[in-house]
Structures are given as structure tokens and as C-alpha cells.
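> The structure is given below, and queries will be raised subsequently.
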Amino acid sequence: MKKSGATWIPWLLPALLFYLAFMAWPLLGSMRLSFYAGTVGTGRSFVGFDNYVQLFSVERYSVRYWGAFRNTTIFFVIHMLAQNCLGIFFAALLTGRTMKGRQLYQTIIFLPVTLAVLVTGYLWRLLLNPVWSGLALQSLGLGFLAQPWLGEPATALICVSLVSCWQWIGIPVMMFVAAFRGISEEYIEAANIEGASSAQVFWKIKLPLIKPVVGIIAILTFVNNFNAFDIVFSMTNVNGAPNYATDLIGTLFYRMGIAGQHPIGIPEPGMGAAIATITFLVLCLGVIPTLRATQGRD
């Protein structure tokens, strides 16, 4: 007797129920909350799209939102250029035939991932403090580096972004290493027989073959960066100091929806839910085209 092709459905149900209970339902609840104003204590009232209108039209909301959106975009671009491009470079080196000590280098690169984000943030906050690190840098002849990097609006976001890249670069490196090792040696040998250089092999053969992995890592970077919060919290504060230069969408959501935006100081869950809903739509607009462009069959 021929088995039905739907025998896999019972095995999918536990994961589906978990997803509906802990992801889909809270997401729908957040979207619903964005149409209300007030809190549980003061009473909630239905306001329709008023939270969205205020977010983009009222200055005390719109200035902070567009500033956080701009900073988050810069935060993401730095990760794509520094973290992921270096990830591909390191992975190419680690999978080279003549590479020695690759296990040691892989461990060194991945080690920061094992640290808690708060620990990493506070550690780098001390290292970037000119008072704490000034004497050590001067003894090494690098006194010019003892600058208030986190105190200047022009450099604070870049420093926070690079620290985040330093901590998480191990994940794309390991994924790229696995992708490069999955490439059949027949392609490489055929290219070598044809006289292709190492650069040509990389750009014409290896990189196109790992395009699906590049797409997945780009999506993960995009989603994680637009939800980043803890690295800013540990290195500066939830106000995105100095002068909101490191304010991200995650910190803005926390201030408005949970802690209360200065100077009002009263949480606005509806406004926070509106920010979260817009972020979800932005992620969809970025993730879906990337999936279609990188995961299709060539």
C-alpha cells in the first residue's frame, strides 16, 4: 500500500504550535497594541492609526525615530562591510590548502562570540576610556589613540559598531568556512587545469557557489542589527549618548514603549508597538527580496 505524502505533518505540528504560541501570537498582539493609547493602569483607548501618524508628524517623536533609523542603517552597513566582508576573507584564508594552525585561528576568531554582550560592552567601554587606557597607550607610544571615542558624536556609533563586529565575526566566518569546504574539488581542479589564478578561482567559482550562504548571513545581519539593543546599552546608555548619536531603533523602542521617553518619562506601549510593527515591515521588505535573489536555483 502506497503511503500518503502527508505523513510528515504530525512531525511538524509541535514546532508549528510552538511558533504560533511564542512568535506569531505575540506578533499579532503587538500589532493590535499599536492601535491603542494608554496603559493598563491608566486605561487603554482605541486610537486607530493615530500612533503611526504621531510617530511621523509630531516632532518629538519623528526626530528621534528618523535619527534612530539613520543610526541603525549605518550600524547595519558597517556590519555588512566590516564583519561580513572580513568573514569571507578570513574563511578563504582558513580553507586554503597551505594554511597551517587553522584550528587555533578559528578558536581565536570565534572566542569573542562566547562572551556575554554586556561583558563585551563594559570591557570595551573601559578600553576606550582615555583615563583608563591613556597611560598604557602612552607607554606604548600610542598616546594619540587616547581619545574620548565614545564621547564624540562623530565617532561613538562607529566604535560601537566595530565592537559589535569584533564580537560576532566568528559566526559568519564559521558559516563561510563550512560553505567553502562544501565546494567540490572538481571545480577547483578544472579551473587550475585551465590556468585560472587564485583570484579568478575565488571570484568566478567559489563566491558564486556560496551565494545562498552569503544571502542567509546578510539576512541574519539585517535582522539582528535592526533589533540591536544590548551593545548600545552596555557601551553608552539607553538614551544613545552622546546626544543620541548611538540611538538605535531597539533603544528607541525601549525608551518609548517600556521605560518612558525623556522628558515625559511615561511609557507609551502603543507607540512602542507602532515602532516594532514598522520595524517588522521594514525587515520583511529587506528579507523577502534577498531570499528570492540568493536562494533561487541558477
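The values are calculated or read from the model by the stated rules, or taken from the named source; none is laboratory data. As the structure is a prediction and not an experimental result, all values here were calculated from the model. Heads up, the Cβs are rebuilt from the backbone with ideal geometry, glycines too, and the neighbour counts pull from every protein chain shown.
> Just name the residue that is modelled with the lowest pLDDT out of those in region 256-298 that are surrounded by fewer than 16 Cβ atoms within 10 Å (Cβ to Cβ) and of a type in the set (D, E, K, R).
Step by step, filter region 256-298, then rank; the result is Asp298.
> Mind checking which residues of region 96-112 are closer than 20 Å to Phe202 by Cβ, among the hydrophobic types (A, V, I, L, M, F, W, C) and part of a helix (DSSP H, G or I)?
Hit for region 96-112 is Ile109, nothing else.
> Here is a follow-up. If you check Arg125, Arg70, which single one turns out to be modelled with pLDDT of 95 or more and either in a helix (DSSP H, G or I) or of a type outside the set (S, T, N, Q) (or both)?
Arg70
> Within 13 Å of Gly121 (Cβ to Cβ) and not aromatic (Phe, Trp, Tyr), is that true of Thr246?
The answer is yes for Thr246.
> Filter region 152-165 down to residues that are of a type outside the set (A, V, I, L, M) and within 21 Å of Asn239 (Cβ to Cβ) and give me whichever is surrounded by the fewest Cβ atoms within 10 Å (Cβ to Cβ).
In this case the residue turns out to be Pro153.
> What are the residues in region 214-229 that are more than 9 Å from the chain's Cα centre (by Cα), farther than 12 Å from Val287 by Cβ and not in a loop (DSSP other than H, G, I, E, B), if any?
Residues satisfying the conditions are Val214, Ile217.
> Quick one: how many residues across region 94-121 are surrounded by fewer than 17 Cβ atoms within 10 Å (Cβ to Cβ), over 19 Å from the mean Cα position of the chain (by Cα) and either of a type in the set (Lys, Arg) or under 25 Å from Asn225 (Cβ atoms) (or both)?
Qualifying residue count for the region: 4.
> What number of residues within region 230-254 satisfy the criterion of being on the phi < 0 side of the Ramachandran plot, outside any helix (DSSP H, G or I), surrounded by fewer than 21 Cβ atoms within 10 Å (Cβ to Cβ) and in contact with a helix residue (DSSP H, G or I) (Cβ under 6 Å, 6 or more places away or on another chain)?
Summing the residues that are on the phi < 0 side of the Ramachandran plot, outside any helix (DSSP H, G or I), surrounded by fewer than 21 Cβ atoms within 10 Å (Cβ to Cβ) and in contact with a helix residue (DSSP H, G or I) (Cβ under 6 Å, 6 or more places away or on another chain) in region 230-254 gives 3.
> Within the set of pairs 6+ apart or on separate chains, which have a first residue in region 13-32 that is closer than 16 Å to Met271 by Cα, a second that is assigned to a helix (DSSP H, G or I) and of a type in the set (Val, Ile, Thr), and C-beta atoms under 7 Å apart?
As it stands, the answer is Ser30/Thr277; Met31/Thr277, since those pairs meet every condition given.
> Return the only residue of Trp149, Trp132 being of a type in the set (Phe, Trp, Tyr), over 30 Å from Thr277 (Cα atoms), surrounded by fewer than 16 Cβ atoms within 10 Å (Cβ to Cβ) and modelled with pLDDT under 95.
Trp132
> Ok, one more. Taking the stated definitions as given, is Phe75 crowded, with 21+ Cβ neighbours inside 10 Å and closer than 17 Å to Gly250 by Cβ?
It is true that Phe75 is crowded, with 21+ Cβ neighbours inside 10 Å and closer than 17 Å to Gly250 by Cβ.
> Hey, another quick one. Scanning for something under 21 Å from Met174 (Cβ atoms), part of a helix (DSSP H, G or I) and in contact with a Pro (Cβ under 7 Å, 6 or more places away or on another chain), does region 32-44 turn up at least one residue?
no
> Checking the condition touching a Pro at 6+ places or on another chain (Cβ under 6 Å) and under 30 Å from Ala241 (Cα atoms), which residue from Gly87, Gly121 passes?
Gly87
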